[in-house]
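Visitor: Have a look at the structure that comes next, please.
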Amino acid sequence: MDKLIADIRPGLVLVLLSLLFGIAMGIGFGVNEDYFKDTIAEGISTYPAVHDQKSQAKIWRYAQRAHFHATGISAFSIGLLLLLGATRLKAPVKNFASFLIGLGGLYPLGWLSMFVLAPSIGRSAAHHHILTESLTYVGVGGLLAGLIILIVGVAKK
């Protein structure tokens, strides 16, 4: 078991941090959902020119998506990492692939970025902001690259 964990440790740490983030977001909603909604409303009232009727609901949905994606991606990534640990790939390859899979936890931070940025710059600008796009592309790209290595490892005899 120690060898399995050692080979996938980088990804496992990242995935567990992402899971913690998702759970913390859920706790934040439960403890004080109004804080999130009030933050959005203040931004919309301060910068009305960059918003429309849908902004309040859409931006609130960004926060929810950060939570949903963090917990969901983390849950299936733990399974991917355990499967990776069971393959015949060499330890350095497992280590690298686990890191790539762990980068999938950046994708939910893209949603968080949109939630944080949208009240002041608008939904479209937040969606296309360099921070949002970087988190999204690195997160999804890393996860896909790690998954491809895992598929190779599963297929390898």
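Readers should treat all values here as calculations from the given coordinates under stated rules, not as data from a laboratory. Just so we're clear, the structure is a prediction, and the values are computed from it rather than from any experiment. Don't worry about glycine lacking a Cβ; one is built from the backbone with ideal geometry, like all the others, and counts go over all protein chains shown.
Visitor: Among Gly11, Gly79, Gly105, which one moves the most in a GNM of the chain with springs linking Cα atoms closer than 10 Å?
Guide: Taking springs between Cα atoms under 10 Å, the residue moving most is Gly79.
Visitor: Now for a separate question. Put +1 on the Cβ of each Lys and Arg and -1 on the Cβ of each Asp and Glu in the range 1-143; which of Ala24, Tyr107, Ala63 then has its Cα farthest toward the positive end of the dipole?
Guide: Tyr107
Visitor: Computed FRET efficiency, Cβ-Cβ of Lys37 and Phe68, R0 22 Å: what is it to the nearest 0.05?
Guide: Efficiency, rounded to the nearest 0.05: 0.80.
Visitor: Report the residues of the range 88-108 in range of a label on Ala24: point 7 Å along Cα→C-beta, backbone N strictly under 20 Å from it.
Guide: Residues 102-108 fall inside that zone.
Visitor: If you keep only loop residues by DSSP, which trypsin sites (Lys or Arg not before Pro) in the range 1-60 have at most 14 other Cβ atoms within 10 Å of their Cβ?
Guide: Values: sites: Lys3, Lys37, Lys54, Lys58; in loops: Lys54.
The qualifying sites are Lys54.
Visitor: Run down the lysines and flag those whose C-alpha is under 29 Å from the C-alpha of Lys156, throwing out any fewer than 8 positions away in its chain.
Guide: Lys3, Lys90, Lys94
Visitor: Suppose R0 equals 41 Å; then what is the FRET efficiency for Val13 and Glu133 from their Cβ-Cβ distance, rounded to the nearest 0.05?
Guide: Details: r = 25 Å, r/R0 = 0.61.
Calculated transfer efficiency: 0.95.
Visitor: Need one number: nm distance between label points at Lys3 and Lys157, each 7 Å from Cα along Cα→Cβ, rounded to one decimal.
Guide: 2.3
Visitor: Using a cut-off of 14 Å between beta-carbons, work out the net charge of the residues near Asp7 (Lys and Arg +1, Asp and Glu -1, Asp7 not included).
Guide: Net charge in that neighbourhood comes out at +4.
Visitor: Per DSSP H run of n ≥ 4, the term is -39500 (n - 2.57); total these for the chain, divide by its residue number, and report the mean residue ellipticity at 222 nm rounded to 500 deg cm²/dmol.
Guide: -30000 deg cm²/dmol
Visitor: How many nm is it between the label spots at Leu83 and Ala49, if each spot is 7 Å from the Cα in line with the beta carbon?
Guide: A separation of 5.0 nm, rounded to one decimal place.
Visitor: I would also like to ask the following. Note down the net charge around Ile27, summing +1 for each Lys or Arg and -1 for each Asp or Glu among other residues with Cβ under 15 Å from its Cβ.
Guide: On the way: positive: none; negative: Glu33, Asp34.
Net charge around Ile27: -2.
Visitor: Same structure, new question: So what is the relative contact order of the chain, in percent, for Cα pairs below 8 Å that sit 6 or more residues apart? Can you show the working numbers first?
Guide: On the way: 224 pairs, mean separation 51.3, N = 157.
The normalised contact order for the chain reaches 33 percent.
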